[in-house]
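The block underneath contains the structure these notes are about, expressed in structure tokens.
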Amino acid sequence: MLHFPVLLEESVDFLVNDMNGHYIDCTFGRGGHSNLILSRLGKKGSLSSFDKDPFAFKYGQSIKKDNFKIYHDSFQNLSKYFKNNSIDGILYDLGTCSTHLDDAERGFSFNKDGPLDMRFNNQKGIPLYEWLKDADVKEIIKILYKYGNEKHAKLISNAIDITRKKRPILRTIELSNIIKDIYPEKNTKVHPATKSFQAFRIFINNELEEFRSSLDVAKKILKKNGLIVTIAFHSIEDNIIKNFFRPEKKVFPKDIPLNNEEHRKFKCLAKKIRASEYEININNRSRSAVMRVFQKL
Ligand SMILES: C[S@@+](CC[C@H](N)C(=O)[O-])C[C@H]1O[C@@H](n2cnc3c(N)ncnc32)[C@H](O)[C@@H]1O
């Protein structure tokens, strides 16, 4: 199955307001947003897209347009490629693509049997099965709580520990069954491994740290009035965005006159935009998406 771009028109309508502007799509995926951005640009406008995933990168290379370039790199490295105050708009459509979940060999899916990998860039770093071999139990618990809000983190980590003492956990279905078997609530609407798989994926790809450091660079390379459009799929990502753009609270002595606006570097243009019912009906994944838009002042 191909990837359905989420909040496609809504995000690109905000992002592109100058056909001759310079834009970045930090998360190319299968090019849903990138293609629409390109269709809105004139010859002087340009789009640079990023993706860590080698398959996404390869797909991007098939777009032959003079004003388009794809980089096989993490969006945390934007500063390697762009100068300060040079970009008109930056898009982040976070998380995984359906193409990751559909391909069992990538190891993202808890209901398709494949190697327990989960790396966006499977040419770098270590797959989850490797890390799980001797990861500290306390570390596993922390990851499940922090990145998955999994209330049964201790139970799951102990079950992983007991199993790996007998045999290495190498396959997605093995991990998924370990979690399902010990999960206290039976017959839950969502699969008991959902939160754990999300947590391990976020951890193995260093998703939140890379996103946070990318935002630090994004705010510098944007021009004045430039836009950052973010689409997040869970509250952990969304909280990073909200906190990042929250104006700093500075405490000053009462007698020093202070224009609080001086400390506001970004203005929120849209908060908590959600997919329409129509979109949710055709793409269930869009139900959890939250879009926010910020403008550099
Ligand atoms: C939700 S998909 C994007 C889908 C895309 N907007 C589309 O419409 O086809 C997210 C993509 O971001 C990529 N990605 C995740 N973290 C990344 C990072 N730190 N740097 C670059 N790409 C990343 C993933 O590999 C995935 O392909």
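Quick notes on this structure:
- Among the helices (runs of 4 or more DSSP H) confined to region 129-226, the ones with at least 1 residues that are basic (Lys, Arg), modelled with pLDDT of 95 or more and crowded, with 21+ Cβ neighbours inside 10 Å are located at 194-204.
- Residue in region 1-36 that is farthest from PHE57 (Cα to Cα), counting only those that are of a type in the set (Ser, Thr, Tyr) and either more than 9 Å from the ligand (Cβ to nearest atom) or assigned to a loop (DSSP other than H, G, I, E, B) (or both): TYR23
- Qualifying residue in region 71-88 (condition: exposed (fewer than 15 other Cβ atoms within 10 Å of the Cβ) and at pLDDT below 95): no
- Region 93-114, residues that are within 16 Å of the ligand (Cβ to nearest atom), within 8 Å of THR172 (Cα to Cα) and either of a type in the set (Phe, Trp, Tyr) or without any contact (Cβ under 8 Å) to a residue 40 or more places away in the chain (or both): PHE108
- Pairing each residue of region 1-19 that is within 22 Å of LYS44 (Cα to Cα) with any residue that is in a helix (DSSP H, G or I) and of a type outside the set (Phe, Trp, Tyr), provided the two are 6+ apart or on different chains, yields C-beta distances under 6 Å for VAL12/LEU36; VAL12/ILE37; VAL16/ILE37.
- If you go through region 67-81 and pick out every residue that is within 8 Å of the ligand (Cβ to nearest atom) and part of a loop (DSSP other than H, G, I, E, B), you end up with 2.
- Residue match in region 154-176 (condition: more than 16 Å from the ligand (Cβ to nearest atom), of a type outside the set (D, E, K, R), touching a residue at least 40 places away in the same chain (Cβ under 8 Å) and under 23 Å from GLY29 (Cβ atoms)): yes
- One residue alone among LYS133, LYS64, LYS138, LYS146 is closer than 25 Å to PRO192 by Cβ, of a type in the set (Lys, Arg) and without any contact (Cβ under 8 Å) to a residue 24 or more places away in the chain, and that residue is LYS138.
- Leading residue by the ranking (surrounded by the fewest Cβ atoms within 10 Å (Cβ to Cβ)) among those in region 96-128 that are out of contact with any Ser or Thr (no Cβ under 7 Å at 6 or more places or on another chain) and of a type in the set (Ser, Thr, Tyr): SER98
- Positions within region 37-66 being near the ligand (Cβ under 8 Å from one of its atoms) and not in a loop (DSSP other than H, G, I, E, B), in sequence order: PHE50, ALA56
- Listed conditions (1) more than 21 Å from LEU208 (Cβ to Cβ); (2) at pLDDT 90 or above are all met by ASN239, apart from (1).
The values are calculated or read from the model by the stated rules, or taken from the named source; none is laboratory data. As the structure is a computational prediction, the values presented were derived from the model and not from experiment. FYI the Cβ positions are ideal-geometry reconstructions off the backbone, even for glycines, and counts take in every protein chain you see.
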